[in-house]
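Okay, so here's the structure we're looking at.
Every read-out reported here was derived from the displayed coordinates using simple, explicitly stated rules and does not represent laboratory data. This is a predicted model, so every value here is computed, not measured. When we count neighbours, we look across all protein chains shown, and the Cβ atoms used for this are built from the backbone with ideal geometry, even at glycine.
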């Protein structure tokens, strides 16, 4: 079942809200984490800027979601960063040791 359907069923009371919210949060966290990996000291500032700008733009498109997002943050208190493991000898294109 996709996330939108799960969320709709949770809001209707057909599924446990907190459990569904946590599951959806974890799913999207894993997807975002996979998209930005590998994360290094050099790339991290770019990722922070992109994610903050993206969040700001999403809030502009949907001004009513900011309050709901804040409520989710308070209710769940969960952030997930799944970092991909690298081989011990992994190096970037400059030949420098990759940052984990």
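Below is a table of values for the structure above.
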{"item": "Neighbour-count order for 46, 21, fewest beta carbons within 10 angstrom listed first", "result": "46, 21"}
{"item": "Solution diffusion estimate, µm²/s, Stokes-Einstein, the range 3-76, Kirkwood Rh from C-alpha pairs, 10 °C, viscosity 1.306 mPa s", "result": "113"}
{"item": "Exposure proxy order (Cβ contacts within 10 Å, fewest to most) of 12, 39", "result": "12, 39"}
